[in-house]
Amino acid sequence: MDLAEWYAGKRWAGLLELIDMLPTASRLNEAIANDPEAAKAIAESQRGKEGPAWAPRTAEWDLHATILGQIATGIEVLTAATIKANGGKPGDVKPFPTPRTEIQAAMKAAERDWAVQFASQFGFSAEDL
């Protein structure tokens, strides 16, 4: 693949897709994060938007990330236990976020379908769940 040919051929969509595939820890993303104009544009585009909670990309999730996520969650649990042992009221401990995939969404939908079907045997409707 010759990126100069893509540029000369004005294959902008393909180039943007390649850029989007770069890892978060790339030099390009560092340059964008430290560019005042880009930072201002990103901040303005995100103003007032509340999207879904952050989740890491599947392509960047490996064994190391899994173990570090478990360690982070474990530290939060230990902190909550220490607060409770000292008479405080710890907040809810949420596990470290993992990548969201369509497989998880399909499994959740299948579980809901099964629950609706099971509850219908006892006279309940989908709205009751």
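Side notes on the structure shown:
- Failed item in (1) over 22 Å from the mean Cα position of the chain (by Cα); (2) of a type in the set (A, V, I, L, M, F, W, C); (3) at pLDDT 85 or above, with Met1 passing the rest: (3)
- Of the residues making up the stretch 40-62, those that are farther than 19 Å from Gln104 by Cα and not small (Gly, Ala, Ser) are Lys40, Ile42, Glu44, Gln46, Arg47, Lys49, Glu50.
- Within the stretch 72-91, residues that are in a helix (DSSP H, G or I) have Cβ atoms under 8 Å from residues that are among the aliphatic types (A, V, I, L, M) in these pairs: Thr73/Val93; Glu76/Val93; Val77/Val93; Ala80/Val93, counting only partners at least 6 apart in sequence or on another chain.
- Residue match in the stretch 77-93 (condition: modelled with pLDDT of 95 or more and either assigned by TED's automatic domain parsing to the domain that holds Ser26 or of a type in the set (Ser, Thr, Tyr) (or both)): yes
- In the stretch 8-51, the residue that is nearest to Arg100 (Cα to Cα) out of those that are of a type in the set (A, V, I, L, M) and loosely packed, with under 10 Cβ neighbours inside 10 Å is Ala25.
- Filtering the stretch 92-128 to residues that are outside any helix (DSSP H, G or I) and loosely packed, with under 11 Cβ neighbours inside 10 Å leaves Asp92, Lys94, Gln121, Phe122, Gly123, Ser125.
- Within the stretch 52-71, the set of residues being part of a loop (DSSP other than H, G, I, E, B), surrounded by 10 or more Cβ atoms within 10 Å (Cβ to Cβ) and of a type in the set (A, V, I, L, M, F, W, C) comprises Ala55, Trp61.
The values are calculated or read from the model by the stated rules, or taken from the named source; none is laboratory data. For clarity, every value in this text was computed on a predicted model and none was experimentally measured. Note that we place each Cβ from the backbone using ideal geometry, even for glycine, and neighbour counts take in every protein chain shown.
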